[in-house]
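The values are calculated or read from the model by the stated rules, or taken from the named source; none is laboratory data. What you see is a predicted model, and the numbers here were worked out from it, not measured in a lab. Because the Cβ atoms are built from the backbone with ideal geometry, glycine has one as well, and the counts that use them run over all protein chains shown.
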Amino acid sequence: MAPRTFSEVLHDGFELTYETDQVLYEDRSDHQHLVLFDNATFGKVLMLDGITQVTTADEFIYHEMMAHVPLFAHGAARHVAIVGGGDCGMAEEVLKHGCVETLTQIEIDESVVDFSKEHFSTFNSAVFEDDRFHLKIADGAKFFTQTDQRFDVVLVDSTDPVGPGEVLFSHDFYASVYNCLKPGGLLVTQNGVPFLQRQELVTSIARFSRIFAEASAYIAAIPTYVGGHMAFGWATDNPGLKSVPLDVLTKRFAAADIKTRYYTPAVHKASFALPRFIEEAVEEGRAAA
C-alpha cells in the first residue's frame, strides 16, 4: 500500500507534501483538522488545517533562535512572556536561562498544551516540572490589556496572520504589549518567510515603528518553513540590544552554560545581517509608519 500523504498549500502555485507510514493521531471536526504523523526526514510532524506547526527534527532551530537571541541580547531578563507556543518548545529554551525568574505562557487552547505534553515530551517535559513556569489559558490579545504584570521580554510564537492568529499582528496588540514591557524591554515575533510573505513583514515593521523606537528583524533558516529565511520581528525602545558586541554575547553564553544545536553567539550576530531583499522590506515598513 502506498504511503499516505499530507500536503501544505500556503502560497499560490506551491505545495509541500509529506509521506507517512504511520498516523499517530488525527482529529477532524467542524472547526479544524489536526494530524500528527511520522515522517522519515522530520520525525513527528504536527499539522493544523494543512499547515505545519512543529516537527521533532527541526524544532530546535526555531525555538533556539526565537528564545536565545532576545534573551542573550537583553542579558538580564527576569520576567518573560510567551504568547501561543502551545507545544512548549519555546518555554523549554527560555527556562534554560538561569536569570529568568518567571515565565508566563498565554495559550488560548488548553487542549493544545495537553496534546503536546503527551506527544512532544522529548523536548518539553522539563517545562512542566519547573516552578518558574506559569500557564495562563487566555486570549493573548486580551491578556495584555488586562494584566498588571510587566515583562522584560515578550515572545509571540503565533501562527500566520490568518484566522484566529490575525489579531496577534495588529497595531492594538503590539501597543498593549508595549504597555506591559519594562523600560528597555523587547518584543520578538514570528514573521514568516519574507520571500513568500513579504507584506507580512512590511506591515509588522510599520506597526512596530509607530509604537517602538526601533523596529527591525533577524533571520534563521528552518527547513520545514520552506521558501528561504524565516524572519523574526524585533521591536524595542533600546536600540543597543540589536548590536551587543560579540565578546559580550560570548561571555553571556558561556556563563549560561546552555547546550544548543543551532544558536551560537556568532550566529546571533550574523542573524541581523539581512539579505538585501529582506532589508528592503524592513525599510519599506519603517517608511510606511
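Examine the stretch 272-289 for a residue that is closer than 30 Å to VAL45 by Cβ, out of contact with any Ser or Thr (no Cβ under 8 Å at 6 or more places or on another chain) and either of a type in the set (Gly, Ala, Ser) or modelled with pLDDT under 95 (or both), and state whether such a residue exists. Yes, there is a match, as at least one residue in the stretch 272-289 is closer than 30 Å to VAL45 by Cβ, out of contact with any Ser or Thr (no Cβ under 8 Å at 6 or more places or on another chain) and either of a type in the set (Gly, Ala, Ser) or modelled with pLDDT under 95 (or both). Of all residues in the stretch 206-230, those satisfying the criterion of being of a type outside the set (A, V, I, L, M, F, W, C) and more than 15 Å from ALA288 (Cβ to Cβ) are GLU214, TYR218, PRO223, THR224, TYR225, GLY227, GLY228, HIS229. Restrict the check to the stretch 213-227 and report whether at least one residue is of a type in the set (Phe, Trp, Tyr), in a loop (DSSP other than H, G, I, E, B) and out of contact with any Leu (no Cβ under 9 Å at 6 or more places or on another chain). Yes, the stretch 213-227 has at least one match. Among the candidates ASP58, ASP49, the residue that is crowded, with 18+ Cβ neighbours inside 10 Å and within 24 Å of GLY227 (Cβ to Cβ) is uniquely ASP58.
Yes/no per residue for (1) farther than 22 Å from PHE72 by Cβ; (2) out of contact with any Phe, Trp or Tyr (no Cβ under 7 Å at 6 or more places or on another chain); (3) polar (S, T, N, Q); (4) buried (at least 20 other Cβ atoms within 10 Å of the Cβ):
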{"position": "LEU201", "(1), (2), (3), (4)": "yes, yes, no, yes"}
{"position": "ARG210", "(1), (2), (3), (4)": "yes, yes, no, no"}
{"position": "GLY228", "(1), (2), (3), (4)": "yes, no, no, no"}
{"position": "PHE232", "(1), (2), (3), (4)": "no, no, no, yes"}
{"position": "ALA235", "(1), (2), (3), (4)": "no, no, no, yes"}
{"position": "PRO239", "(1), (2), (3), (4)": "no, yes, no, no"}
{"position": "ILE258", "(1), (2), (3), (4)": "no, yes, no, no"}
{"position": "TYR263", "(1), (2), (3), (4)": "no, yes, no, yes"}
{"position": "ALA266", "(1), (2), (3), (4)": "no, yes, no, no"}
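Going through the stretch 40-79 one residue at a time, which ones are closer than 15 Å to TRP234 by Cβ and not in a helix (DSSP H, G or I)? Hit for the stretch 40-79 is ALA77, nothing else.
Taking helices (runs of 4 or more DSSP H) as the structural unit, those lying wholly within the stretch 235-289 and holding at least 3 residues that are of a type in the set (Gly, Ala, Ser) and within 17 Å of PHE212 (Cβ to Cβ) correspond to 276-288.
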